[in-house]
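*Asks:* Take this structure first; my questions come after.
The values are calculated or read from the model by the stated rules, or taken from the named source; none is laboratory data. Just so you know, these numbers come straight off a predicted model, no measurement behind them. Cβ sites come from the backbone with ideal geometry, for glycine too, and all protein chains shown count toward neighbours. Protein only, heavy atoms only, side chains kept; ligands, DNA and RNA dropped before computing areas. Shrake-Rupley method; radii C 1.70, N 1.55, O 1.52, S 1.80 Å.
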Amino acid sequence: MMLTFAFCTYNRADRLDKLVAAMRVQACPLPFEILAVNNNSNDATEEVLARLAELPGPTLRWVTETTQGIVAARNRAIEESLGSDIMVFIDDDETPLPGLLDAAARAILDEGAQCAGGRVEMDFSHYPRPAWLGDELLGFLAAVDHGEEAFWIEDTSTPIWTANVAYAMKIFRDDPDLRFDKRYDRKGNVVGGGSDAIMFRTLLERKIPMRYCPGMAVLHSVEPWRLQRGYFLKLHYRAGLRRGRYQLPAYPRTVLGVPPFLVSQFLRQTLDALRMQVTQRPGALRQAMNATNALGCLVGYGQRGKT
């Protein structure tokens with residue numbers, strides 16, 4: 001049996017030494033390799049990966065995916081890992097904590113999960129956490145903490161992300177169409193995407209056994225450009241944009257190509273956000289995020305059928 005410990009990377013050559021070193025010292029109940037998918041990085045990523053591949057320890061195998069975008073990179077990782085029994089995904093801005101691979105492998109091999117995920121802890125040691133960044137917003141930075149007890153995931157209230165997730169590769173071998181959705185792509189260091197959220201929902205709909213495992217844990221390094229209010233607003237706008245384009249049903253009544261209720265929803269959310277901002281009420285940023293999401297949904301619906 002074999003496990004592939006995979007990550008996709010773009011222009012983070014300076015992080016790779018620490019990342020690969022932390023991956024190599026993981027304890028695992030079965031042999032594992034490390035797979036790096038370089039997505040057209042224009043820094044020293046290829047040179048660093050070539051050097052790291054020569055070091056002792058679990059094998060580091062790396063490939064370059066020439067189609068730009070996180071979806072193409074993640075799907076390339078799947079194709080490269082089809083010969084393995086398990087693939088564990090983390091991101092290139094993560095550091096795996098001790099016990100991750102052991103917990104992931106046991107969830108799939110011993111407990112019968114076909115997908116498992118765990119905690120994603122925020123690392124603010126390099127860039128300080130802003131005073132306005134409350135705990136309720138950390139989930140939008142990919143933070144995951146569903147408690148100290150393992151459980152079966154039954155609905156969307158306890159999501160797991162590719163920042164820390166394991167898959168039984170049988171689910172991808174059995175269905176060649178089960179891949180990350182290119183409509184929810186993200187290219188380079190930009191805001192948005194959501195392909196891992198769509199994969200999570202797809203697995204739920206297919207009743208794939210999914211398990212939360214607190215022993216699976218990574219430390220997520222938060223970059224300064226994500227610690228801006230504008231990041232959260234853009235993130236919600238782009239999420240709304242995709243929801244409007246791809247997820248909402250086709251409504252029979254529209255004006256200028258959009259349902260009137262989407263317009264009133266946007267106006268209501270925006271007025272509430274303005275009132276909260278003027279009166280400096282707590283939660284003003286969260287309400288502004290709701291407003292930008294409503295705007296994105298409105299714009300996205302209007303883009304249906306357009307090139």
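*Asks:* Which whole-number value in Å³ per residue fits the convex hull of the alpha carbons of the stretch 216-307?
*Replies:* 148 Å³
*Asks:* Now for a separate question. About the Cα centre of the chain, what is the dipole size in debye to 20, counting +1 per Lys and Arg Cβ and -1 per Asp and Glu Cβ, all else neutral?
*Replies:* Rounded to the nearest 20 debye, it is 1680 debye.
*Asks:* Separate question: Which FRET efficiency value, to the nearest 0.05, do you get for residue 1 and residue 53 by plugging their Cβ-Cβ distance into 1/(1 + (r/R0)^6) with R0 = 22 Å?
*Replies:* On the way: r = 23 Å, r/R0 = 1.04.
My answer for the efficiency is 0.45.
*Asks:* Work out the FRET efficiency for residue 183 and residue 157 from their Cβ-Cβ distance, taking R0 = 25 Å, and round it to the nearest 0.05.
*Replies:* The pair residue 183/residue 157 has a calculated efficiency of 0.55.
*Asks:* Still on this structure, please answer the following. Can you tell me how the stretch 37-189 classifies by the Cα gyration tensor, rounded, prolate or oblate, using a/c under 1.5 as the rounded cut?
*Replies:* rounded
*Asks:* Related question: Taking the full set of protein chains and a 1.4 angstrom probe, give the accessible area of residue 28 in square angstrom, rounded to the nearest 10.
*Replies:* 40 Å²
*Asks:* Plugging the Kirkwood radius over Cα pairs into Stokes-Einstein for the chain, at a temperature of 10 °C and a viscosity of 1.306 mPa s, what D comes out in µm²/s?
*Replies:* Rounded to a whole number, D works out at 77 µm²/s.
*Asks:* Could you name the aspartates and glutamates whose alpha carbon sits less than 20 Å from that of residue 170, not counting residues in the same chain fewer than 8 places away?
*Replies:* Result set, ordered by chain and number: 33, 79, 80, 85, 102, 110, 111, 181, 196, 205.
*Asks:* Leaving out ligands and nucleic acids, and using a 1.4 Å probe, what accessible area per residue does the stretch 1-150 come to in Å²?
*Replies:* 42 Å²
*Asks:* Residue 206 to residue 279: extension gain in nm, 0.36 nm per residue of separation minus the Cα-Cα distance?
*Replies:* 21.7 nm
*Asks:* Calculate, in nm to one decimal, what residue 67 and residue 14 gain on full extension: separation in residues at 0.36 nm each, minus their alpha carbon distance. Provide the component values of the computation, followed by the final result.
*Replies:* Values: separation 53, 0.36 × 53 = 19.08 nm, distance 2.26 nm.
Taking 0.36 nm per residue and subtracting the Cα distance, the gain is 16.8 nm.
*Asks:* Please list 127, 10 in order of solvent-accessible area, largest first, computed with a 1.4 Å probe with all protein chains present.
*Replies:* Highest to lowest solvent-accessible surface, that is 127, 10.
*Asks:* Quick one: dipole size for the stretch 96-182, taken about the Cα centre, charges +1 on Lys/Arg Cβ and -1 on Asp/Glu Cβ, in debye to the nearest 20. Mind showing how you got there, number by number?
*Replies:* Working: 7 positive and 16 negative charges, 82 e Å.
Value, rounded to 20: 400 debye.
*Asks:* Out of the GluC sites (Glu not before Pro) in the stretch 124-167, which ones are loop residues according to DSSP with at most 15 other C-beta atoms within 10 Å? Mind dumping the intermediate values first?
*Replies:* On the way: sites: 136, 148, 149, 154; in loops: 148, 149, 154.
Hits after loop and neighbour filter: 148, 149, 154.
*Asks:* Expressed in nm to one decimal, what extension gain is obtained for the pair residue 173 and residue 137 from 0.36 nm per residue of sequence separation less their Cα-Cα distance?
*Replies:* Stretched out fully, the residue 173 to residue 137 stretch lengthens by 9.3 nm.
*Asks:* What are the extents of the Cα atoms of the stretch 165-215 along their three principal axes, in Å, largest first?
*Replies:* 31, 30, 18
*Asks:* Then there is this: For the stretch 1-103, which GluC sites (Glu not before Pro) pass both filters: DSSP loop (anything but H, G, I, E, B) and at most 10 other C-beta atoms within 10 Å? Mind showing how you got there, number by number?
*Replies:* Working: sites: 33, 46, 47, 54, 65, 79, 80, 94; in loops: 54, 65.
Within the stretch 1-103, the qualifying GluC sites (Glu not before Pro) (loop, at most 10 other Cβ atoms within 10 Å) are 54.
*Asks:* In whole Hz and in residue order, list the ³J(HN,Hα) couplings for the stretch 257-267 that follow from phi through the Karplus curve 6.51 cos²θ - 1.76 cosθ + 1.60, θ = phi - 60°; x for Gly and Pro.
*Replies:* x, 10, x, x, 5, 5, 5, 5, 4, 5, 5
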